[in-house]
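What follows is a set of notes on a single structure, which appears directly below.
Every number in this text was worked out from the coordinates using simple rules, so none of it is lab data. Keep in mind it's a predicted model, so treat the numbers as computed, not measured.
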Amino acid sequence: MRSLEIIGEATKKIPTDFKKIWLNIPWKNMAGMRDRLIYDYIGVNYAIVWDVIINKIPDLHKQISAVLNKE
């Protein structure tokens, strides 16, 4: 879970102009996940965390790799 927190924190430091170029990347969702994990606003649902790790992170990795290869 700490890795998800770090991803979300790093997302918040990416300039808005850059995020506007890459609208297909779920910047807001990544930052929101970090906030929920850190502050436990509504309780952490570990099934959702597991789903993100298994189903979302691999796609996100591909998307970020594509961005890095174009920049």
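Within the range 1-21, being of a type in the set (A, V, I, L, M, F, W, C) and within 10 Å of the chain's Cα centre (by Cα) holds for 4, 6, 7, 10.
Selection of the range 1-41 for residues being among the aliphatic types (A, V, I, L, M) and closer than 18 Å to residue 66 by Cα yields 7, 10, 14, 21, 23, 25, 30.
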